[in-house]
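The structure appears right after this line, and notes come after that.
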Amino acid sequence: MKSFSTVLVASLLFLLSASAQKIQQGGDMPLSVKSARVSQLLNEAWVLDSDQGEQFKAIEVMRKAVKIEPEFAMGHEILAQISLEPAEQVSEQKQAFANRGYANASEQVVIEWFQNAADHKLIPAITSMNEVLHQYPHDRWLVFLATSWLMEQTQYERAAAIYENSGLTNSPGLVNNAAYTYANMRQFSKAFSLMDKFVSLLPKDPNPQDSYAEILRMAGYYAVAIDHYRVALRINPQFYSSQFGIADTYLLMGDEGRARQEYDAAFKKFSSLGELDRIRWMTHQATTYIYESDIVGADKAFQSLAEYSHSMHLCQAEAETYRQMAMYQTKTDRALELLAKAESAVREGHNVSAIHAHQEAAQILRTRVEVAIKAGDSVMVDSSVAKLAQLALNSDDKIIDSAFNGALGAHLSYEHKYTEAIAHLEEDGNNPLSLQRLATAYRMTGYISGARHTEQVLAKLNDLSVEQALVVPSFRKCLQNPTCDVGVKDAAMKVTH
Amino acid sequence: MLCWRKLLLFGLVIAAPCLVQAKQLAVVTDTANPTTNLTAAELIKLFNAHTHTWADGKPVIIVVRDPASSDMELVLRKIFNMTAAQAQSFIEAHKPSIIVANSDDAVLRFVSTNRGAVGIVDLYSLTKDVNVVKINGKLPVEQGYLLRGN
C-alpha cells in the first residue's frame, strides 16, 4: 500500500506535469478523406459556415463532399450538424452511423458522441466528446462542434473552457462562437472584446458586423446594434440575417409597427430563405402582436404560420406554433384546443427525429401546466406534471429535464411551496416564466439578494421568444407604475443598459 | 450570426442566455473501485473524513476543487455543510487524505490514476477514465439526484 505522503508527492508532480502533457497532444484530428477534392471542399465548408456565416453555401459544399465520397462518415456527421433541414439532419446522422466502419478511431468517437446525444444517452455522449477533445484539443472542427453542442445544452462555462484551452484565438469562426458563449453568460465585456477581434480578422466580411449587432442587442444596446446591422448590409446587401436582425431589434425596442414593416421588407427581398429561417422570422413577426396585446392579430399570424409549416411537412414547427398560440390565449378552452393540435402535429411525426419529437411533447406538456394553473385546474396540473415526470424519467435530455422542472416548479409555486419550488425553477433558469417565479420564491423564502439578482436579470433580458413577450415587457412597465411591487421595482431601478 | 443549426431549429425553445445556471456534479472514482452506489449519508461521511477506507479495504483519498471557487458552492452546501473558510481549515487539518486540485481535468487525472481516490466534477467534464458513482441509486442525469442545483 502506498503511504499518503507518497501519494501526495506523486499527485503534486502529476498535477504539475499536466501542462507539459497538453503540449504533447495532437494538432488536427486526422480525417478519412480519400481525395484532395473532398479535402478542399471540407476547408471551404469550414470557412463558409464558421467564419462567414454562409450556412446555405456551406451545406451545399458538404452535400457535394459526401456525394463524391459517400463512405466519408465524418463528412455525413458534419453535414448532420450544420444542416438546416430536419429531415437531412436525421438522414445524415443515420448515414454517419451506418458508415462509421469506414472511419478512423477518432472519427468513430465523434460519431458515437452525436449518436448517443441523439439517443438521449447523455453521459456516454459527454465522455465521447471529452475523449476525442482530450486527444485533439486544438482541432478546429472538434472545438467548433463541441462548443456549439455545449451551447445547445446551455453549458456555457464548459464551452468557454474548451475554447480557452484550444488556443485557437485566430480562428474567426471560433472567436465568433466564443463571443456568443460569453454573451450568453452575460459577460458582455469579454464578448465585445472577442467581437472586436472577429471584426479585425474579417474586416470586409458582413458576418462579424452581424454578430456584433446581435450581441449588442442581447446587452440592450439597440440603436448601436442597428448601426452594426446596417454596416453588415453595406458590406453585403444580400446578407439576409442582418436585414431580419434590424426587424428583430425594432421588436425588442417595442416598436412593433416598424418591426413588422422591416420583416415584410426582408421577406420580400429574400424570397428564397431556408424553411427554418423563414419559420423563425415569421414567428418573430407574429410575436409583434403579442407585444401589442392584439390577440386577433397574433392568432391570424400564428395560424398562417402553422398552416405553412403543415404544408411543408415540418411537424415540429407546426406543433411549436400551436404551442406558442396556446400560451397567450385568455380562454382555457381555446388554449387546450391549440395544445391538442400541437400534440396531433407531433404524433404525425413528419421530418422529425425521435428526440426532437420527445422534446416538443415535453414543451407542450409544460405549456399545458401553465394553462391549467391559469385556469385554476389542479387536476390537470397534477396529471400533466405526472406525464412530464414520466417523460423525464425515461430520458436524460436537457430540454425535457428543463420542461419538467419548470412545470413542477410552477406547480409548487402555485401551491405556495416556495422552498421546494426553488430547486426545480433553478433547473429551468433560461425560461422567463420560471425566472419570474424563482424571483418570487427567493423573496418569499427570505433570499432577498437572490431575488434582486434574478429580477435584474429578467429586466435585462432581450430574447425573441414568446415567453419573453409574455413576461418581460410587463415587468419593465413596473418602472413607470407607482403601485408596482416595491421589491420588484427596486430591482428594476438598478437596471442599466 | 452564429452558424449552428440547433440554435435555429430550437431557437424558440432553448437558445436563451444563461440566466440562472443549475449545476450537475458527478462523484467519480477510479475504474478499479467496485463501489457503484453510495447513499447520501455515506457520501457525506466519506467527504467529511469519517470513512477512511472503501469496502475493499483501499484507503480513501479525496480530491476537491478550491473551496473558494464557485464550482464548490454546491458541494459545500450539500456535502460539507460548511462555509468556504471552514472547508479550507478542514482540508488543511486533514492533509494528506484530502487534496485540492485546480481544475476538473486535474481532479479526473488524479482520480483515474490513484486507487481509492474519489472526486467531484462537473457532469460535462466527465471522461471514460473514471467511474461515475450513483447517489441514492441515481445518476447525475436523473431527476432527484443530490448534486444538482444552483
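The values are calculated or read from the model by the stated rules, or taken from the named source; none is laboratory data. Quick caveat, the model's predicted, so the values are computed rather than measured. Here the Cβ positions follow ideal geometry from the backbone for every residue, glycine too, while neighbour counts run over all protein chains shown.
Listed by first and then second residue, the pairs with beta-carbon distance under 6 Å, at least 6 apart or on different chains, first residue in the stretch A:399-413 and within 11 Å of residue A:427 (Cβ to Cβ) and buried (at least 24 other Cβ atoms within 10 Å of the Cβ), second at pLDDT below 90 and not hydrophobic (A, V, I, L, M, F, W, C), are A:402/A:428; A:405/A:427; A:405/A:428; A:406/A:428. Taking the stretch A:138-155 as the range and being surrounded by 20 or more Cβ atoms within 10 Å (Cβ to Cβ) and over 11 Å from the mean Cα position of the chain (by Cα) as the test, the residues that pass are A:139, A:141, A:142, A:143, A:144, A:145, A:146, A:147. Within the stretch B:45-58, is there a residue that is closer than 19 Å to residue B:136 by Cα, without any contact (Cβ under 8 Å) to a residue 24 or more places away in the chain and surrounded by 13 or more Cβ atoms within 10 Å (Cβ to Cβ)? Looking through the stretch B:45-58, at least one residue is closer than 19 Å to residue B:136 by Cα, without any contact (Cβ under 8 Å) to a residue 24 or more places away in the chain and surrounded by 13 or more Cβ atoms within 10 Å (Cβ to Cβ).
The residue that is nearest to residue A:403 (Cα to Cα), counting only those in the stretch A:435-465 that are within 8 Å of chain B (Cβ to nearest Cβ) and assigned to a helix (DSSP H, G or I), is A:435. Check the stretch A:193-204 and report whether any residue there is more than 13 Å from chain B (Cβ to nearest Cβ) and closer than 25 Å to residue B:124 by Cβ. Yes, there is a match, as at least one residue in the stretch A:193-204 is more than 13 Å from chain B (Cβ to nearest Cβ) and closer than 25 Å to residue B:124 by Cβ. Every condition in (1) more than 25 Å from residue A:121 (Cβ to Cβ); (2) out of contact with any Lys or Arg (no Cβ under 6 Å at 6 or more places or on another chain); (3) within 13 Å of chain B (Cβ to nearest Cβ) holds for residue A:405 except the one numbered (1).
Check the stretch A:371-379 and report whether any residue there is closer than 30 Å to residue A:312 by Cβ, part of a helix (DSSP H, G or I) and under 21 Å from the mean Cα position of the chain (by Cα). No, the stretch A:371-379 has no match at all.
The single condition among (1) away from chain B (no Cβ under 14 Å); (2) under 23 Å from residue A:242 (Cα atoms); (3) crowded, with 21+ Cβ neighbours inside 10 Å that residue A:298 does not meet is (2). Among the residues of the stretch A:83-108, those that are within 13 Å of chain B (Cβ to nearest Cβ), touching a Ser or Thr at 6+ places or on another chain (Cβ under 7 Å) and buried (at least 22 other Cβ atoms within 10 Å of the Cβ) comprise A:89, A:92. Residue A:61 passes every criterion in (1) surrounded by fewer than 20 Cβ atoms within 10 Å (Cβ to Cβ); (2) within 22 Å of residue A:173 (Cβ to Cβ); (3) not polar (S, T, N, Q) apart from (1). Scan the stretch B:69-83 for residues that are of a type in the set (S, T, N, Q) and under 15 Å from residue B:123 (Cβ atoms) and the total you get is 0.
What number of residues in the stretch A:288-310 are among the acidic types (Asp, Glu) and part of a helix (DSSP H, G or I)?
2
Test residue A:89 against the criterion of being in a helix (DSSP H, G or I), free of Cβ contacts under 8 Å to residues at least 24 places away in the same chain and at negative phi, and give yes or no. Taking the combined requirement at face value, the residue does not satisfy it. Of all residue pairs spaced 6 or more apart or on separate chains, those with beta-carbon atoms under 9 Å, a first member in the stretch B:77-90 that is farther than 13 Å from residue B:48 by Cα and a second member that is assigned to a helix (DSSP H, G or I) are B:83/B:76; B:84/B:72; B:84/B:73; B:84/B:76. Just one of the numbered conditions (1) within 16 Å of residue A:462 (Cβ to Cβ); (2) out of contact with any helix residue (DSSP H, G or I) (no Cβ under 7 Å at 6 or more places or on another chain); (3) of a type in the set (S, T, N, Q) is not true of residue A:249: (2).
When the criteria are applied in full, residue A:309 meets the requirement of being surrounded by 17 or more Cβ atoms within 10 Å (Cβ to Cβ) and over 27 Å from residue A:187 (Cα atoms).
Looking only at residues of the stretch A:241-256 that are within 12 Å of another protein chain (Cβ to nearest Cβ) and modelled with pLDDT of 95 or more, we find that the one that is surrounded by the fewest Cβ atoms within 10 Å (Cβ to Cβ) is A:243.
Here residue A:66 fulfils each of the conditions (1) part of a helix (DSSP H, G or I); (2) modelled with pLDDT under 95; (3) away from chain B (no Cβ under 11 Å) apart from (2). Looking across the stretch A:408-429 at every residue that is within 23 Å of the chain's Cα centre (by Cα) and either among the aliphatic types (A, V, I, L, M) or part of a helix (DSSP H, G or I) (or both), the one that is nearest to the other protein chains (Cβ to nearest Cβ) is identified as A:426.
Okay, residues lined up against (1) touching a His at 6+ places or on another chain (Cβ under 7 Å); (2) under 30 Å from residue A:474 (Cα atoms); (3) at pLDDT below 95:
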position: A:146; (1), (2), (3): no, no, no
position: A:192; (1), (2), (3): no, yes, no
position: A:213; (1), (2), (3): yes, yes, no
position: A:231; (1), (2), (3): no, no, no
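For the stretch A:256-313, a residue qualifies if it is within 25 Å of the chain's Cα centre (by Cα) and at positive phi, and exactly one does: A:313.
Considering A:209, A:187, the condition of being crowded, with 20+ Cβ neighbours inside 10 Å, of a type outside the set (Val, Ile, Thr), within 12 Å of chain B (Cβ to nearest Cβ) and more than 19 Å from residue A:139 (Cα to Cα) is satisfied by A:209 alone. Within the stretch A:367-383, identify whether any single residue is under 24 Å from residue A:89 (Cα atoms), at pLDDT 95 or above and not aromatic (Phe, Trp, Tyr), and answer yes or no. No: zero hits.
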